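The values are calculated or read from the model by the stated rules, or taken from the named source; none is laboratory data. Only a predicted model underlies this, so the values are computations on that prediction, with no experimental measurement involved. All Cβ positions, even for glycine, are placed from backbone atoms using ideal geometry, and neighbour counts span all protein chains on display.
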Amino acid sequence: MIEDIRTVDKRLGDGIGVSSALLLLRDSYGRLDDAGTPPHVNAAKYHARVTTLEQFAGTAADMYDVDRVQGHARYAVLRKETGVLFGQLNSSVGTNMRLP
């Protein structure tokens, strides 16, 4: 997921392949959701966040090709909320994930 975000950030800089990179990020959220709930995390809130991020990534991919400003804005929200997700995961499993 971190590498996918790094790729989206890079693609936003040149405008090439942004939608494809966002779709890869969407799939990463989906795999995370399929992996189950980490210990000591509120399952409902965690899965709601991951599912919403997955949907936001897909929507941003669709939007970007039609309206780059709207697609980029959707991604900005997704990126910010991914930081919150990383905080949940870091607390739960002792990782130190950070946004690039």
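Within the range 82-97, the set of residues being in a helix (DSSP H, G or I) and either surrounded by 15 or more Cβ atoms within 10 Å (Cβ to Cβ) or without any contact (Cβ under 8 Å) to a residue 12 or more places away in the chain (or both) comprises Thr82, Leu85, Phe86, Gly87, Gln88, Leu89, Asn90.
For the range 43-100, give me each residue that is among the polar types (S, T, N, Q) and within 14 Å of Arg26 (Cα to Cα). Walk me through it before giving the result.
In the first step, residues of the range 43-100 are kept if they are among the polar types (S, T, N, Q); the result is 51-52, 55, 59, 70, 82, 88, 90-92, 95-96.
Scanning the range 43-100 gives Thr51, Thr52, Gln55, Thr59, Thr82.
The requirement of being at pLDDT below 95, charged (D, E, K, R) and surrounded by 15 or more Cβ atoms within 10 Å (Cβ to Cβ) is fulfilled nowhere in the range 1-18; no residue meets it. Counting the residues of the range 1-23 that are more than 14 Å from Thr82 (Cβ to Cβ) and not small (Gly, Ala, Ser) gives 7.
Could you say whether any residue in the range 80-92 is acidic (Asp, Glu) and modelled with pLDDT of 95 or more? It would help to see each step written out before you state the result.
The first filter runs over the range 80-92 and keeps only residues acidic (Asp, Glu), leaving 81.
Right, trim to modelled with pLDDT of 95 or more and you get 81.
Looking through the range 80-92, at least one residue is acidic (Asp, Glu) and modelled with pLDDT of 95 or more.
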